[in-house]
Amino acid sequence: MRYLTAGESHGPQLTTIIEGLPAGVPLTEEDINTELARRQKGYGRGRRMQIEKDAVQIMGGIRHGYTLGSPVALVVENKDWTHWTKIMGQAPLDSEASEDVKRKITRARPGHADLNGALKYGHRDMRNVLERSSARETTVRVAAGAAAKKLLSLLGIEIACHVLEIGGVQAEKLPYTSLAELKEKTEASPVRCFDSNAEQKMMDAIDQAKKNGDSIGGIVEVIVEGMPAGVGSYVHYDRKLDSKLAGAMVSINAFKGVEFGIGFEAARKPGSEVHDEIGWDPEKGYYRKSNRLGGFEGGMTTGMPIVVRGVMKPIPTLYKPLQSVDIETKEAFAASIERSDSCAVPAAAVVAESVIAWELAAAIVDQFSADRLDSLQMAIDEQRRYAREF
Ligand code: EPS
């Protein structure tokens, strides 16, 4: 499976085309809109989210509620486009069009794609870069992820996300009895956090950052239950599934790092406290007595829950801008100020969940190459039986 996206943050719409989704998967606009709405929530978002009410239109690949096996085309309109038709118009500008119409940006924001993107593509107007490098694009990545999540759930695989840290405020690792409980509680939390004590402190930290004209980042965690053992491969670097998950996580705007299970903590512990002992049970088959490696050994799933975390840096657009250089005059200036979010970590957790769901669904479809949902379901059931009895 693969997908591409197109569209600028203030252009008319965002588009994705998904290729390779098996036929027979029930998928509705409502399924996708539920996920889009989750991404729009979160304490710390800016005014743009009051303008947008993201809603998908299915433009191909689905008939009477089921995927056809043909490419699935999804579109989300940008409501804000109506304010940007001149600035972001597609038609050539006449020569006397004023700088107002272009809203040209020549002062790169440190930490953003502005300067590198401008010099890579030769843009003297950095709006050409920021419009596409904006995290607005994650809207349709979540739409693609919604399709992947639907497929996974029909294979008995459940996925959830939550926020562990914002601006230095750490959530306590409180136990939850099921993913359902984790989802229910974090869905109701303005910062998508399971620990209600940390929740308020996170919101205070966001308020403080906003007051200071600053931004803050954090850490999100994605958990997946029900993945069959043996998905991925150890035989080649580009077939290791954990590496694909790591790549997907760091592909999210502003994400700078990733870890599985106990993650970087493994560097500080002896092997006996890192590796998970193997057990066998007639009901479950092989299992690990702990899950410190977060569901992967040798680039393959172990059948234990996948636990993967991503770290998001603070958004680089600051109301109290850092020093930068104007690419026209080469003079030092404060970077340009664009409307932005002071913290998008709760929304980014949903994006992380979506991209991880996508990679897992893609790996399953690749490994068990199926054109139809029913044959894929049979293949996964068989893989689970095989692993249990092996
Ligand atoms: C973003 C800047 C803000 C965010 C935007 C990402 O948009 P605007 O400049 O229009 O206020 O709200 O995020 C989204 C629109 C979104 O849907 O997540 C940026 O510069 O990356």
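The values are calculated or read from the model by the stated rules, or taken from the named source; none is laboratory data. Since this is a predicted model, take the numbers as computed values, not measurements. A quick note on method: Cβ atoms are made from the backbone with ideal geometry, for glycine too, and the neighbour counts reach across all protein chains shown. To get the accessible areas, we keep the full protein, side chains included, count just its heavy atoms, and leave off ligands, DNA and RNA. Shrake-Rupley method; radii C 1.70, N 1.55, O 1.52, S 1.80 Å.
Counting only protein heavy atoms, what percent of the accessible surface of the range 158-263 is carbon or sulfur at a 1.4 Å probe? Roughly 51 percent, rounded to a whole number. Set the bar at 28 Å for Cα to Cα. Now go through 41/320; 211/313; 102/149 and name every pair that lies beyond it. Over 28 Å apart, Cα to Cα: 102/149.
With R₀ set to 35 Å, the beta-carbon distance separating residue 170 from residue 2 gives a calculated FRET efficiency near 0.45. Compactness check for the chain: Cα Rg over 2.2 N^0.38 Å is 1.04.
Out of the range 264-325, which GluC sites (Glu not before Pro) are coil in DSSP terms and have no more than 11 other C-beta atoms within 10 Å?
Numbers: sites: 265, 273, 277, 283, 297; in loops: 277, 283.
Those satisfying the criteria are 277, 283.
Averaging the Cα positions of each part gives two centres, and for the range 247-322 and the range 43-91 these lie 32 Å apart. Each of residue 328 and residue 243 was given a label point 7 Å from its Cα along the Cα-to-Cβ line. The distance between the two points is 4.6 nm. Normalised by the number of residues in the range 2-389, the mean separation of alpha-carbon contacts (under 8 Å, six or more apart) gives a relative contact order of 23 percent. Maximal additional length on extending the residue 53-residue 339 stretch stands at 101.2 nm, based on 0.36 nm per residue less the C-alpha distance. Applying 1/(1 + (r/R0)^6) with R0 = 22 Å to the Cβ-Cβ distance of residue 290 and residue 389 gives a FRET efficiency near 0.40.
Charged neighbours of residue 23, selected by a Cβ distance under 11 Å, balance to 0 (K, R count +1; D, E count -1).
About the centre of its Cα atoms, the range 2-389 shows a dipole size close to 680 debye [charges on the beta carbon of Lys, Arg (+1) and Asp, Glu (-1) only; nearest 20 debye].
Shown here for the range 157-254: GluC sites (Glu not before Pro) in loop regions (DSSP other than H, G, I, E, B) with at most 15 other Cβ atoms within 10 Å, namely 172. From the largest down, the range 218-265 spans 32, 23, 21 angstrom on the principal axes of its Cα atoms. For helix 345-367, what angle does its Cα long axis make with the longest principal axis of the chain, in degrees from 0 to 90 and rounded to 10? That helix lies at roughly 50 degrees to the long axis.
With each label modelled as a point 7 angstrom along the Cα→C-beta vector, the residue 70-residue 200 pair spans 5.6 nm.
Taking the solvent-accessible surface of protein heavy atoms with a 1.4 Å probe, what is the per residue accessible area of the range 83-202 in Å²? List each step's numbers first, then the result.
Numbers: 5960 Å² over 120 residues.
Per residue, the range 83-202 has an accessible area of 50 Å².
With N counted as the residues of the range 1-150, its alpha-carbon radius of gyration over 2.2 N^0.38 Å works out to 1.17.
Extension gain, residue 86-residue 369: 0.36 nm per intervening residue step, less the Cα-Cα distance, totals 97.2 nm. Modelled spin labels at residue 124 and residue 30, positioned 7 Å past Cα toward Cβ, are 5.3 nm from each other.
Straight-line cross-link reach from residue 289 at under 15 Å between alpha-carbon atoms covers these aspartates and glutamates, not counting any fewer than eight positions away in the same chain: 273, 276, 277, 281, 297. If R0 is taken as 56 Å, the Cβ-Cβ distance between residue 93 and residue 280 corresponds to a FRET efficiency of 0.20. Within the straight-line cut-off of under 19 Å between alpha carbons, the lysines reachable from residue 104 are 86, 120, 330, sequence neighbours fewer than 8 places apart in one chain being disregarded. Using just its DSSP H runs of length 4 or more, each adding -39500 (n - 2.57), the chain gives a mean residue ellipticity at 222 nm of -10000 deg cm²/dmol after division by all residues.
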